[in-house]
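The block underneath contains the structure these notes are about, expressed in structure tokens.
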Amino acid sequence: MIEEIRRQSPHCKRSMAEMSSAPPVRRIRKDAQHNRAHILDVARQAFVNEGVDVSMDAIAKEAGVGPGTLYRNFPRKEDLLAALLTVHHQALDQRRAAIEAEENHAGRALEMWIDALGDWMRAYDGLPEPLRAACRINSPLTQTCRAVIVTTEIILKSAQEEGHAREGISGRDIFLGALAIAWANGSTAADDRTSNTLLDVLKNGWGIAENTSPAPISSL
């Protein structure tokens, strides 16, 4: 049958030969994987030391790779941040699980979650600004912000249902409030009282005083 097809199609032999010599499905080379992991390690340390304002060129130079290699892996700084925040987001989710397991009072659970949000938002100096931008324009960080807002909404809803938080506010409001505090805490105008004072305002703003017992205010 095959021979008959070959006789009928003079190009068959050539086509089969081309197929047999075609390269296998291309896989990411090990050195490319190593480059990506190395860039992430260098970027993480750069963000820790200098904040998110460090330039992409400085990261490429520190990593010992050309700008082309850096931008092929991470076209924008937000792509780098999104990749690094994956680990921080996992840690944040672990804190959520711990809060749910340890705290039965929905109002206090929300307070603890706001504290956790602040820690996450200040993983790197200057991080609140790209997170804020991701809430109004589409960026690699937008998906993560949306996921955190959804979690915040669920925790807030529990507090509202139990009468520990007033109606009319949303998880997004709480998220943006915590983000504003994290940003203000990094401002040059901030002092030692800034974070605690603003956090107290936020918590008193969503809480219902007669139903919520005072809790110690921890720093964002």
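When Rg and the Kirkwood radius Rh are both evaluated on Cα atoms of region 68-144, their ratio Rg/Rh stands at 1.07. Per-residue Karplus couplings for region 32-46, computed as 6.51 cos²θ - 1.76 cosθ + 1.60 with θ equal to phi - 60°, are listed in order as 5, 4, 5, 4, 4, 5, 5, 4, 5, 4, 5, 5, 4, 5, 5 Hz, Gly and Pro entered as x. Taking θ as phi - 60° and the Karplus parameters 6.51, -1.76 and 1.60, the scalar couplings of region 117-129 work out to 4, x, 4, 5, 6, 10, 4, 9, 4, x, 5, x, 5 Hz in sequence order, x denoting glycine and proline.
For region 125-191, rounded, prolate or oblate, judged on the Cα gyration tensor with a ≥ b ≥ c (square roots of eigenvalues), a/c < 1.5 rounded, else prolate if a/b > b/c? Oblate shape, in that a/c is at least 1.5 and b/c is the bigger or equal ratio.
Under a 5 Å amide H cut-off, with hydrogens placed 1.01 Å from N, Leu127 pairs with Val52 among residues at least 5 apart or on other chains. The listed residues Lys157, Lys77, Lys61, once ranked by accessible area (1.4 Å probe) with the largest placed first, stand as Lys61, Lys157, Lys77. 3J(HN,Hα) couplings calculated from phi for region 62-76 with the Karplus curve 6.51 cos²θ - 1.76 cosθ + 1.60 (θ = phi - 60°) are, in sequence order, 5, 7, x, 10, x, x, x, 5, 4, 6, 5, 7, 9, x, 9 Hz; Gly and Pro show x. Entry comment: accessible area of region 81-144 is 45 Å² per residue, from protein heavy atoms only and a probe of 1.4 Å.
Highest-first packing order for the peptide set 104-110, 69-75 is 104-110, 69-75, based on the mean count of other beta carbon atoms within 10 Å. For the peptides 45-52, 169-176, residues were scored by their other Cβ atoms within 10 Å and the scores averaged per peptide; the highest-first order is 169-176, 45-52. Can you compute the FRET efficiency between Ile154 and Ala184 using 1/(1 + (r/R0)^6), with r the Cβ-Cβ distance and R0 = 25 Å? Round to the nearest 0.05. For Ile154 and Ala184, the calculated efficiency is 0.45.
Computed with a 1.4 Å probe over protein heavy atoms only, the accessible area of Met112 comes to about 60 Å².
Count the net charge of all other residues whose Cβ sits under 14 Å from the Cβ of Glu167, scoring Lys and Arg as +1 and Asp and Glu as -1. Surrounding charge for Glu167 is -2.
The values are calculated or read from the model by the stated rules, or taken from the named source; none is laboratory data. Bear in mind that the values here come from a model prediction, so they are computed numbers and not experimental data. FYI the Cβ positions are ideal-geometry reconstructions off the backbone, even for glycines, and counts take in every protein chain you see. Just the protein is used for accessible areas: all its heavy atoms, side chains included, with ligands, DNA and RNA removed. Shrake-Rupley method; radii C 1.70, N 1.55, O 1.52, S 1.80 Å.
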